Amino acid sequence: MDVTLLEATDDPEDLICKAARNDYSDEFVGGQSLEETMADIEGDTIDEKKETLIGHLLSHGHFGPFEHAQATFAVKGVSRSCMAQITRHRHVSFDVQSMRYVSFDDVDPEAVREGELVVTPPSATDPDWVGRNQKKSDISEAEFEKRTEIFKDTIEQAVESYQELLELGMPPEDARFVLPIGTKVNIVMSMNARMLMHVADMRAAADAQWEIRQMTEEMLDLAADWCPKTFEYYEREMKGRKNRLAP
Ligand SMILES: Cc1cc2nc3c(=O)[nH]c(=O)nc-3n(C[C@H](O)[C@H](O)[C@H](O)COP(=O)(O)OP(=O)(O)OC[C@H]3O[C@@H](n4cnc5c(N)ncnc54)[C@H](O)[C@@H]3O)c2cc1C
């Protein structure tokens, strides 16, 4: 998978601070410099003041101001299974690569065995991998090899059948019904900083699946560069706490 930041609000933490200061100020924040808006906040520099205010907001559960800062991520090559999980989040906006208008007719089915077009879960190729909800982990080498073979044969066969159906004149939107749920998809998604923290609460958690966890961790890494005080606080003080319903 590949996760990149496509676009994001400039100076997101200036905006978060301005929005929050609006709530408790008898002055109008419109037209004020950031220094004026932050005059009453503790700290010697504007950077320290931002740190103080952002920490205060997050520690008190005053999350609204974080909705003003928005980021758009482009994600390449996650499974349609991972897509089904992330698209459950209703305050995220999505664009998803179409299987109606994009057909995978030039993919070599043999390359699919090695990771082309379909995501290979670690449990298919790593004998030591123990996933959640795994009923049986003490399998023999022969059993593991069989597992790998069944997985790879099945995805190769599915892609072969898909391409045969295309050749027989079936439209891609119908032929896709035979493709596996592990088929790769590219996604563009936009969310605000509050929502990203909520997604991370649920999807970077230990009980989330490895793939969506990896995607979420990569979004958090990008967010730490984009909106550093917020996501450093989140990482240090909030991440991994018991899921909150609506942070
Ligand atoms: C480990 C794990 C396992 C899961 N297993 C399953 C499963 O087996 N089957 C399944 O169907 N789903 C499953 N889910 C999905 C889960 O139930 C949620 O639908 C999904 O995570 C979206 O999160 P959310 O409910 O916080 O809503 P979001 O859409 O992310 O919304 C954010 C918050 O806004 C509020 N909100 C949004 N819409 C409403 C509304 N209509 N009414 C009231 N409040 C609202 C809620 O406070 C919510 O927490 C699983 C999720 C995880 C993390």
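Only the coordinates and a few stated rules stand behind these numbers; no lab work does. What you see is a predicted model, and the numbers here were worked out from it, not measured in a lab. Reconstructed Cβ throughout: ideal geometry from the backbone, glycine too, with neighbour counts over all protein chains shown.
Key figures for this structure:
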| item | result |
| --- | --- |
| At 1.567 mPa s and 4 °C, Stokes diffusion of the range 117-182 via Kirkwood alpha-carbon radius, µm² per second | 96 µm²/s |
| Which listed pairs, of LYS50/LYS239; LYS146/LYS184; LYS152/LYS242, have C-alpha distances above 31 Å, in listed order | LYS152/LYS242 |
| Separation in nanometres of the label points that stand 7 Å from Cα toward Cβ, at ASP26 and ILE46 | 2.6 nm |
| Cα coordinate range in the chain, projected on the principal axes (Å, largest first) | 70, 45, 26 |
| Distance between modelled label sites at THR87 and VAL130, nm, 7 Å Cα→Cβ extension | 3.5 nm |
| In the range 31-71, GluC sites (Glu not before Pro) in a DSSP loop with at most 15 other beta-carbon atoms within 10 Å | GLU42 |
| FRET efficiency estimate (nearest 0.05) - Cβ-Cβ, LEU168 to HIS62, R0 51 angstrom | 0.30 |
